[in-house]
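Here the structure comes first, spelled out in structure tokens, and everything after it is commentary.
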Amino acid sequence: MTTLRITVTDVTEDQYSAVVQALRDAGLPPSQWSIKTQEAEANPSGPALWVALVLFAVAIAMLLAWIWAGEWRLGITALFPFVVGFISFGLSISNGKRKP
């Protein structure tokens, strides 16, 4: 027995309910179709973004202090806020909404 499988891609949020209703009206059970919505672009946001920006500014200030004062420990210490800022920036990126 052959089974028909339908995949609908790049459906916007406005079109999602209309496509689901059309597939149900056609008498297709949900096990035979899948709908892939358009992915929202990942945008950094929230408090983690601001923490990352502050830590990047601290790292830059420490590197400038290293250049100005000639103290190598400031340059090495600047790596810590930079790494933590990079991690915080990664956590601030959201992947958008996903429909089942």
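The values are calculated or read from the model by the stated rules, or taken from the named source; none is laboratory data. Keep in mind that this is a model prediction, so the values were computed, not measured. Cβ sites come from the backbone with ideal geometry, for glycine too, and all protein chains shown count toward neighbours. We work out accessible area using only protein heavy atoms, side chains counted, and drop any ligands, DNA or RNA first. Shrake-Rupley method; radii C 1.70, N 1.55, O 1.52, S 1.80 Å.
Per this entry, residue 96 is not counted among residues that are farther than 30 Å from residue 3 by Cα, modelled with pLDDT under 90, of a type outside the set (Ser, Thr, Tyr) and not in a loop (DSSP other than H, G, I, E, B).
Would you check if there is a residue in segment 41-48 being more than 30 Å from residue 5 (Cα to Cα) and in contact with a helix residue (DSSP H, G or I) (Cβ under 6 Å, 6 or more places away or on another chain)? So far as segment 41-48 goes, yes, one or more of its residues are more than 30 Å from residue 5 (Cα to Cα) and in contact with a helix residue (DSSP H, G or I) (Cβ under 6 Å, 6 or more places away or on another chain). From the list 76, 60, 67, the lone residue that is at pLDDT 95 or above and open to solvent by 60 Å² or more (accessible area, probe 1.4 Å) is 60.
Quick check on my filter: what residues within segment 1-11 are loosely packed, with under 10 Cβ neighbours inside 10 Å and more than 9 Å from residue 35 (Cβ to Cβ)?
Result: 1, 2, 3, 4.
Against the definition (open to solvent by 60 Å² or more (accessible area, probe 1.4 Å) and of a type in the set (Gly, Ala, Ser)), how does residue 26 come out, yes or no? So residue 26 fits the description; yes.
Being in contact with a Ser or Thr (Cβ under 9 Å, 6 or more places away or on another chain), assigned to a helix (DSSP H, G or I) and in contact (Cβ under 8 Å) with a residue 12 or more places away in the chain is the requirement here; does residue 63 meet it? No; evaluated as a whole, the condition is false for this residue.
If only residues of segment 32-48 that are within 25 Å of residue 19 (Cβ to Cβ) and of a type in the set (A, V, I, L, M, F, W, C) are counted, the one that is modelled with the lowest pLDDT is 40.
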